[in-house]
Every structure is written in C-alpha cells, then in structure tokens.
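Please read the structure below before turning to the comments.
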Amino acid sequence: MVNYDSEEKGESLCLKADYPAASLFKIISAAAALESAGFSPEKSVTFVGRKHTLYKNQLKEKKSRYSATISFKKAFASSINPVFGKMGIHDLGYEMMAKSAEKFFFERSIPFDFPVDKSEIFVPKDDFGLAELASGFNKGTTISPLHAALLASAVVNNGVMMKPWVVKRVVNEAGEVLYEGRESRMGVSVSPETAKALRVLMKDTVIHGTCRKAFYRERRRKVYKNVELGAKTGTINDREDRFKYDWLTAYVVPPNGKKGICIAVLGIHGKILGVRANRLGRSIIRYYLSS
C-alpha cells in the first residue's frame with residue numbers, strides 16, 4: 001500500500017476515494033448482467049460506432065445494418081462503452097446496478113486498520129445517465145485504490161469479499177498479545193457461478209483485450225507457466241481535462257492455487273503520460289512471480 005505524490009502533501013492516496021472509477025465499474029455492471037439479466041460470457045451483443053465513445057445514437061436497442069456483433073466476453077475485454085451503455089438502459093436499470101454496486105461495497109464503509117473513504121456511485125437522472133453509469137463513462141462514480149484491489153479479490157475468491165488488513169498483531173512490552181488480525185469476510189458480492197464467469201471476462205482482457213499489449217510478451221516468460229491472470233483497465237480525464245486517471249486492477253493465481261495476489265494501480269498523469277498503470281502492474285506481478 002504505497003503511493004507517490006509529486007506535490008508531497010503527505011496524504012495516503014490509496015485510501016482516498018476521489019478518483020473516477022472509469023471502466024473498473026464495468027466489473028459491477030457485468031456482475032449484474034451475469035447474475036440477474038441472463039447474460040453469459042458467450043452471449044452475442046451488438047454496437048454501432050466506435051468502441052470507446054458513448055453517444056445517444058449508439059444506445060438504440062434495435063439493430064441496424066451498421067451494427068457489429070461480438071461476444072459479451074469480448075465487449076468486456078475491449079471495454080466497449082456502447083455495449084455497456086445499452087445494457088445499462090435496456091437490461092439492468094438503475095436499481096439493479098445500484099444493488100450490484102452495494103454488494104461490491106460502493107456507498108458502504110470498508111472496515112480497515114485505517115479510515116477509508118467511501119466509494120460513491122453517481123445517480124443518473126435519465127437513460128443517458130444510466131448508460132454512463134453502466135459503462136463507467138462518468139466522473140461522479142469514484143473509488144479508492146484499496147477498494148479497486150478488493151473488486152478483483154472478490155472475483156477470484158468465488159464472489160466473497162474479504163476484509164483488508166495490514167496489522168498482524170500488537171504486543172506490549174511483556175510480550176502479551178493485545179490485538180491479532182484475522183481473516184474475516186465482509187460480504188458476498190456475487191455467486192460462485194457469477195464469479196467464475198467474471199474470471200473468464202478478466203482473463204480475456206489480458207489475452208485479447210486492453211491488457212494484451214502490456215502482457216503479450218510477458219506471458220511467454222517461464223514464471224507465467226500455468227499462472228491464471230485476470231485484469232480490468234480504465235482511463236478517464238478529470239472534469240477540467242487537466243489529468244488522465246489510468247487504472248489497473250488484477251489478480252494472479254499461481255499453478256498450485258495458493259498465495260495468489262490482487263493488485264490495483266492508479267496513475268494520475270498530466271500533460272505528459274508517465275508509466276502506464278498496466279505496465280507498472282506488469283512489473284509488480286513479474287517481481288512477485290519471480291521471487
């Protein structure tokens with residue numbers, strides 16, 4: 001749980017929830033679609049126009065001769081906004097998305113050894129607002145880096161979100177244990193079946209989607225043999241277009257299924273892009289597997 005702030009304000013940025021969740025929210029929308037709207041990774045979905053835009057003319061339910069048809073798995077992996085925007089309006093609705101977000105601990109306190117800001121969802125007032133919420137194409141839905149790591153952890157942990165902790169134990173001068181941290185559940189975000197399907201989506205993001213370039217050569221390394229790797233990325237500018245928020249949340253499961261890790265990386269870039277989140281995440285994962 002580390003951070004670097006060029007302005008050196010001394011805050012723990014990992015615990016602040018001031019950052020737009022961007023396409024990380026597609027995990028929440030996909031969970032709702034898989035759990036409650038009859039979607040599957042192979043379900044066919046359609047869209048018109050460019051993949052990463054979101055215009056009202058892209059949100060019509062009816063197909064046209066310009067519609068492209070792909071699998072839901074590919075729509076998630078490539079982070080295709082119109083697919084998720086249409087899904088938010090025509091398949092999910094606000095209540096279903098809000099319920100899914102609550103299960104993933106949006107608008108709720110996360111118990112931790114230090115105070116963590118609440119992650120918030122932007123409440124839409126119209127259909128286009130629903131589309132923005134479902135696709136993560138808004139700047140009012142915010143999340144903390146700690147919470148972003150928990151999204152991946154719930155997916156890979158059969159739908160159960162565990163309580164984060166860093167303090168192992170506290171002892172006094174006499175050696176008596178005053179406090180001891182223990183693993184405990186926060187809640188169930190999705191069913192094991194939905195979690196399994198979400199893993200399919202997140203693995204496809206690494207193999208064919210927005211993380212493909214960052215991990216294509218990396219996955220050929222010997223340390224990646226039989227390793228399961230899943231991820232979701234997200235990028236969005238701030239309200240004044242001064243900064244670019246650049247996200248990665250990912251999980252890694254070694255071949256023996258033990259000692260897996262989940263990470264979240266957030267880069268906030270100015271006019272000049274620094275090291276991208278997926279590349280920094282790649283370095284962290286490589287170090288973990290190599291050591």
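The values are calculated or read from the model by the stated rules, or taken from the named source; none is laboratory data. These numbers were taken from a predicted model, which means no experiment stands behind them. Because the Cβ atoms are built from the backbone with ideal geometry, glycine has one as well, and the counts that use them run over all protein chains shown. The protein model used for the area step is the full one, side chains on, heavy atoms only, and it has no ligands, DNA or RNA in it. Shrake-Rupley method; radii C 1.70, N 1.55, O 1.52, S 1.80 Å.
Scan the stretch 4-34 residue by residue and report those that are more than 14 Å from Leu201 (Cα to Cα) and either part of a helix (DSSP H, G or I) or open to solvent by 70 Å² or more (accessible area, probe 1.4 Å) (or both). Give the derivation first.
Within the stretch 4-34, the subset more than 14 Å from Leu201 (Cα to Cα) is 4-22.
Once the filter is applied, which keeps residues that are more than 14 Å from Leu201 (Cα to Cα) and either part of a helix (DSSP H, G or I) or open to solvent by 70 Å² or more (accessible area, probe 1.4 Å) (or both), the stretch 4-34 yields Tyr4, Ser6, Glu7, Glu8, Lys9, Gly10, Glu11, Leu13, Cys14, Leu15, Asp18, Ala22.
Can you tell me which residue in the stretch 37-78 is surrounded by the fewest Cβ atoms within 10 Å (Cβ to Cβ), limited to those that are among the charged types (D, E, K, R) and under 17 Å from Phe25 (Cα atoms)?
First, pick out the residues of the stretch 37-78 that are among the charged types (D, E, K, R): 42-43, 50-51, 56, 60-63, 65, 73-74.
Imposing the further condition that a residue be under 17 Å from Phe25 (Cα atoms) reduces the set to 51, 73-74.
Values: Lys51: 14, Lys73: 23, Lys74: 18.
Filtering the stretch 37-78 for residues that are among the charged types (D, E, K, R) and under 17 Å from Phe25 (Cα atoms), the one surrounded by the fewest Cβ atoms within 10 Å (Cβ to Cβ) comes out as Lys51.
Report whether or not Glu107 is closer than 19 Å to Ala149 by Cα, part of a loop (DSSP other than H, G, I, E, B), in contact (Cβ under 8 Å) with a residue 12 or more places away in the chain and open to solvent by 70 Å² or more (accessible area, probe 1.4 Å). It would help to see each step written out before you state the result.
On the way: closer than 19 Å to Ala149 by Cα: yes; part of a loop (DSSP other than H, G, I, E, B): yes; in contact (Cβ under 8 Å) with a residue 12 or more places away in the chain: yes; open to solvent by 70 Å² or more (accessible area, probe 1.4 Å): yes.
Considered against the rule, which asks whether it is closer than 19 Å to Ala149 by Cα, part of a loop (DSSP other than H, G, I, E, B), in contact (Cβ under 8 Å) with a residue 12 or more places away in the chain and open to solvent by 70 Å² or more (accessible area, probe 1.4 Å), Glu107 comes out as yes.
Tell me yes or no: at least one residue of the stretch 115-123 is open to solvent by less than 20 Å² (accessible area, probe 1.4 Å), among the polar types (S, T, N, Q) and either out of contact with any helix residue (DSSP H, G or I) (no Cβ under 9 Å at 6 or more places or on another chain) or part of a loop (DSSP other than H, G, I, E, B) (or both).
Yes, the stretch 115-123 has at least one match.
Which condition from (1) among the charged types (D, E, K, R); (2) under 21 Å from Lys26 (Cβ atoms); (3) touching a Lys or Arg at 6+ places or on another chain (Cβ under 9 Å) is the one that Glu183 breaks?
Answer for Glu183: the failing condition is (2).
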